[in-house]
Amino acid sequence: MGLFGIGKKKRRDSDYHAISLDIGTEFVKALIFRVEKDTATIIGVGRQRQRLADMHGGMVTDIQGVIRNCEAALGEAAEQAKTLPDQVVIGIAGELVKGTMTTVRYIRPDSQAQIDFAELKEIIGKVHTSSFERARSILALETGHQEVDVKLVNAAITDVEIDSYKVTNPLGFQGKEVQVGIFNAFAPVVHLGALQTIADRLDLDLLAIAAEPYAVARVLGPDEGNDFSAIFIDVGGGTTDIAVVSQGGVEGTKMFALGGRAFTKRIANQLGESFLEAERKKLKYSAGKLEDETKRKVKQAIEADCQVWFAGVELTLGDFTGVDLLPSRIYLCGGGSKLPDIKQTLEKAVWSRSLPFARRPTIHYLKPSEIPRVKDTTGEIIDVQDVTPMALANLGIELVGSEGMVEAILSKTVKSLRA
């Protein structure tokens, strides 16, 4: 079944199993999970390192190379799980993936009539149209191409008000003015197409392509309630993804092209070593297993890059113009965040006064054990680098057994209002 395939089919036992596939710059990570009620239980784990030429900045540059890596990771996971499902949720990252929160005010022709599903669907359609044009204009400005073709990746209701009265479910209410805020994530068709091709070649049914920072931002919010606010920073191999959650809703997601691979390259240049040897030293440094002299050299090598990375974080947070106050909790995850200097840089930072923090932010690592709806039975998911594929599995809970991406997004949008 294709990316936008819609059809009816009888649910089988196998429909309750699926794959979470995180195609990262450094690694392909595959999780096989089983959905039981509102929980995803991981029963198989597979990882395969990518070549330098396979990915760049979170985007696929060699489809055949990535397919081989996916096959290796899936084979490892399937051997452990004793099954290989045919449904998959794939994550997408990169600077050209845009997530925005759009608010539309709608004046109802009959304020005495109750809001029904058909009217709600019309309102949501207006929001999607506005978000689509906004995403296209941003990408056109950043790429220099006026006709950038983009498609919807994720959608979620963040805020609903009727005549300035906040509600969680507008169905059945009366009123004149309806204000709806919806988070939408868009990505260029060329990048979505590469992932579609990978899924097809792997003979997998693509349930969804999910914006990874959006997926990470959703792992805690729904269970924390409407008061939950936080900043999520996912430091990958090629990019740093940032998501802001305010009052339980995702305000937006942004990315910049600086991740763990840049630090490895700096260590390689400064120490005169190969990339792979520098990567090994970086991992030992992160684990506190380097001898003192080498540790000092590595720390000195990445010091300037940490400041450049922090400047990227500040600039990116400054782009969240729709947020009155930035949350004071920052959660770190991703393989690149294991560098102790990353957390230390944020803890010691002198934040720009232009950033609207109510108070100095606190920094925490987001651990796999803290994700409430995803449980690991393998004992292999213990690291912050595994949070992203777990977050994709978390999104997959509502998608497993569904007929396709468009239908799933629609049902998910309505379900979020009825919950």
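Bear in mind these aren't lab numbers, they're just calculated from the coordinates by the rules spelled out. All of these numbers come straight from a predicted model, not from anything done at the bench. As a convention, Cβ positions derive from the backbone with ideal geometry for all residues, glycine included, and neighbour counts pool all protein chains shown.
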Using the Cα centre as the reference, give the magnitude of the dipole from point charges on the C-beta atoms of region 224-365 (Lys, Arg: +1; Asp, Glu: -1; all else neutral), rounded to the nearest 20 debye. 520
FRET efficiency (ALA72, ARG105; Cβ distance; R0 56 Å; to 0.05) is 0.65
Enter the mean projected area of the convex hull around the alpha-carbon atoms of the chain, in nm², rounded to one decimal. 20.8
Let me spell out the model: positive unit charges on the Cβ of Lys and Arg, negative unit charges on the Cβ of Asp and Glu, origin at the Cα centre of the chain. What dipole size does that give, in debye rounded to 20? 560
Given the chain, what percent of its DSSP beta bridges are antiparallel, to the nearest 5? 75
To the nearest 20 debye, what is the magnitude of the charge dipole of region 154-204 about its Cα centre, counting +1 on the Cβ of each Lys and Arg and -1 on the Cβ of each Asp and Glu? 40
Of all chymotrypsin sites (Phe, Trp or Tyr not before Pro) in region 290-399, the ones in DSSP coil with at most 15 other Cβ atoms within 10 Å are TRP351
Pull up all non-local amide H partners of GLY252: gap of 5 or more, or a different chain, and H-to-H distance under 5 Å with H placed in the peptide plane. VAL244
For region 53-60, Karplus couplings with θ = phi - 60° (6.51, -1.76, 1.60), whole Hz, Gly/Pro x: 8, 6, 9, 8, x, x, 10, 6
I need the Debye-formula profile for region 223-302: one equal scatterer per C-alpha, no solvent, reported as log10 I(q)/I(0) at q = 0.15, 0.17, 0.19, 0.23 1/Å, two decimals. -0.64, -0.71, -0.78, -0.96
GNM flexibility winner over the chain from LEU84, LEU120, LEU399 (Cα, springs under 10 Å): LEU120
Listed residues VAL89, VAL150, VAL189, most fluctuating in the chain (Gaussian network, C-alpha, under 10 Å): VAL189
Dipole-positive endmost among GLN50, VAL150, LEU207 within the chain (Cβ charges, Cα centre): GLN50
What 222 nm value per residue comes from the helices of the chain, counting each DSSP H run with n ≥ 4 as -39,500 (n - 2.57) and dividing by all residues, nearest 500 deg cm²/dmol? -12000 deg cm²/dmol
Volume in Å³ per residue [convex hull over Cα atoms, computed for region 240-378]: 130
When the chain is treated as a Gaussian network with springs between alpha carbons less than 10 Å apart, the largest mean-square fluctuation among THR264, THR362, THR316 is found at THR362
Using 10 Å bins from zero, what percent of all Cα-Cα pairs in region 144-299 falls into each bin? 9, 24, 25, 24, 12, 4, 2, 0
At R0 = 41 Å the Cβ-Cβ FRET efficiency linking THR129 and VAL350, nearest 0.05, sits at 0.45
Which one, ALA113, CYS306, THR39, projects farthest toward the positive side of the charge dipole computed for the chain from Cβ point charges (K/R +1, D/E -1)? CYS306
For the charge dipole of the chain, defined by +1 on Lys and Arg C-beta atoms and -1 on Asp and Glu C-beta atoms about the Cα centroid, which residue among ASN69, GLN174, PRO361 has the Cα displaced farthest towards the positive pole? PRO361
Just want to confirm a number: the relative contact order over the chain, from Cα pairs under 8 angstrom separated by 6+ residues, in percent. 21
